[in-house]
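No value in this document is a laboratory result; all are computed from the given coordinates. The structure presented is a predicted model; accordingly, all values stated were derived computationally and were not measured. Cβ placement follows ideal geometry from the backbone for every residue including glycine, while neighbour counts extend to all protein chains displayed.
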Amino acid sequence: SEICGNSKDDNCDGMTDADDNTALNFDDATSNFLSIPVVDYTDDFAVEYWFKSETNSGGIKNIVRYEGATENWELGIWDNELGFLTNNNGWRFGGTVNDGQWHHFVLNYRSSDDNVKIYLDGQLKLDVPRNMDFEATAMAIGSTTGGGRKWKGTLDEFRIWDRLLTDSEIADPEL
């Protein structure tokens, strides 16, 4: 039997909890970011994560930064709005996301027509043709790969998929 309040039953309901409370907190400190292994995709892919953002004013703050051989792109907070920035283009999705609530983010890239779709909390926010060079030289979470543009918030369930997420997976990410 379990002991109430241990790391496997933190809410004392007698059941082993599936949530191990493993979210990453980024406090915009000097060394508070992750460099992640380079992932190269030439086919369809998706980037998915849950985030809770604190105030992030004063320009772009990277949640995810990708540096490629010919192109960089960033998913992050742009003066407290969620945004997507590439070498020559930038899009903001309207409304602030620094509301203390968890938000679900998905970027789907379809290689057959170089299409990028971005979803926030199940709602389509961006649908543009965008030739994404995803032959990465470096990737970082929480800042640039050099430690700049630091984001302040919490990130959970970060995934890079080697396929597109379906409409039902995007609409109900707990499936």
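Where does each of 116-123, 93-100 land if you order them by average Cβ count within 10 Å, highest first?
Going from most to least packed, we get 116-123, 93-100.
Working out 0.36 nm times the residue gap between Asp27 and Asn89, then minus their Cα-Cα distance, what length gain in nm do you get to one decimal?
This chain segment gains 19.6 nm when fully extended.
State the extension gain, in nm to one decimal, for the chain segment bounded by Glu71 and Ile36, taking 0.36 nm per residue of separation less the distance between their alpha-carbons.
Net length gain for the segment: 10.8 nm.
Between Thr137 and Asp99, what length comes free when the chain is fully extended (0.36 nm per residue of separation minus the Cα-Cα distance, one decimal in nm)?
Working it through step by step, the gained length comes to 10.3 nm.
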